[in-house]
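Only one structure is covered here, and it is reproduced in the block below.
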Amino acid sequence: MELKTMQITYREIRATIPEHLFRKSSTKGLYYAARDALSVFALYYIASRCMSNNPNMLASQRGMIEAWVSQFPGSSVMMGIAFFLVKWTAWATYWLAQSICMAACWCLAHEAGHGNVSPKRWVNHSVGFIFHSCLLTPYYSWRITHHTHHKAVALLEKDENYVPRTRSDRGLSHLQPTDPPSPSNPSLITERRGLDGVIIQGSGKTKQDPQRPSYHDIFDETPLYTLGRMLAMQLVGFQHYLLFNTLGCRSDPPGTNHFAPSSVLFKPNDRNYYRIVSSNIGIGFVFATLVAYAYTAGFATLWKVYLVPYLLTHHWIVMLTYLHHSDPTIPHYRSPAWNFVRGSLATVDRPLLGWVGRFWFHNVSHDHVGHHLFTTIPFYNQPAVTEILKSVLPKEDYNYDSTNSFYALYRTFKQCCFVEDSGDIVMYKNGEGKSAREVSSSKMVPGGSLAVPAILERLIDE
């Protein structure tokens, strides 16, 4: 499938969006904040009261199960099995439900960072700071880099999130797609054929330089190993990004992170300094609270009521953000071809978890294209924006994927391996060096400008 360079302008799209969709309501925003927070506390209360290691509570639960099981033969054995199954099914249900509710709080803090919970700045910062700190996310620090991401989305030189690795990053610079096979180049792997070597003319044999890695050497792995890498990214990938800037901007130096006020991620001024420090203090306070809780209630209890849901929460966060911007069918740009509209449309709307994802994740996955084009429209108005975009944008410029999100995650992990070192518009290539789409062979229309809407420039300073 061929990718054609879009020419629609931001002004043309903006003219179709009614002004009332930009209006924010403190009442609505705080309702969602209260709903999410109360859901988390309600689930915690149930877990701590009904599923704890309290001897009286355990005896009561065992008594109810025993009364039901005693009517069957072999009741003593069945009682132990039933108690085990009921106990861990209850915990698994709690972990899933609590992780979704905690992810709801994280997504709402994301909206607060964009100024969409309330028209009042202090309300937005209060909600965002509290919710993100409770989930060990540095609110102000991440907000700054997230706004940078919005201003440079899909721009290879400046984007801050899920920046693709290039051919040379992968150690494949010697495997150039334009080099023809020849006896003097026995290590070449032709992309079009997807082979692990090149048939030498006249010999009918395949040769491969053992000193140089091939596509097969680098990308071929068992499904179990792929699953292990996926689990590592899903559970601790976000923390790794905060600590080590993994898959962040390519020009950032080693040691870049979200916690040092002197980091190149932040402008060197006093306002940012105190914001970064306050984010660290917020996380430090929550961390100290968790340590105190573990000392009082035991680490096992902390693990079950907070840490497991916390890890699963970050699974949802990484899953939805990764799938927003990583897909075999969407392009990435370099400066000559990039503009704000092209970058914003290089993302994908997905019905992650269906109505559950729309209700709890505040439309962040269902309406992400609209969110990138119009960051200051509150999340509860984004569904209307998406419907307008569907009618305004050419069909090939609006990206929607109804593929099951878990399968899409695996597919993206396997197929989005690298992009080329050169080219103003590049597509992800898979483990055989093939891309799902080719850039149009017609004359490439320049991006025109690295400018972004003025509102994005202002928001970061608020």
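The values are calculated or read from the model by the stated rules, or taken from the named source; none is laboratory data. All values reported here derive from a predicted model rather than from experimental measurement. Counting neighbours? That spans all protein chains shown, and the Cβs are built from the backbone with ideal geometry, glycine included. Ligands, DNA and RNA are stripped out before the accessible areas are found, and what is left, the full protein with its side chains, is counted by its heavy atoms. Shrake-Rupley method; radii C 1.70, N 1.55, O 1.52, S 1.80 Å.
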Residue, modelled with the lowest pLDDT, within the stretch 14-51, restricted to residues that are of a type outside the set (Val, Ile, Thr), crowded, with 16+ Cβ neighbours inside 10 Å and outside any helix (DSSP H, G or I): MET51
Residue in the stretch 69-85 that is aliphatic (A, V, I, L, M), out of contact with any Gly (no Cβ under 8 Å at 6 or more places or on another chain), open to solvent by less than 10 Å² (accessible area, probe 1.4 Å) and at pLDDT below 95 present: yes
GLY370, sole failed condition from (1) touching a residue at least 40 places away in the same chain (Cβ under 8 Å); (2) among the small types (Gly, Ala, Ser); (3) under 22 Å from PRO18 (Cα atoms): (1)
Checklist (1) open to solvent by less than 10 Å² (accessible area, probe 1.4 Å); (2) farther than 19 Å from THR148 by Cα applied to ARG342, failing item: (2)
Members of the stretch 125-152 that are among the polar types (S, T, N, Q) and open to solvent by less than 10 Å² (accessible area, probe 1.4 Å): SER133, THR137, SER141, THR145
Selection count, the stretch 258-302, where residues are outside any loop (DSSP other than H, G, I, E, B) and surrounded by fewer than 14 Cβ atoms within 10 Å (Cβ to Cβ): 15
Single residue of the stretch 314-339 satisfying the filter (closer than 15 Å to LEU156 by Cβ and touching a Gly at 6+ places or on another chain (Cβ under 6 Å)) that is most open to solvent (accessible area, probe 1.4 Å): ASN339
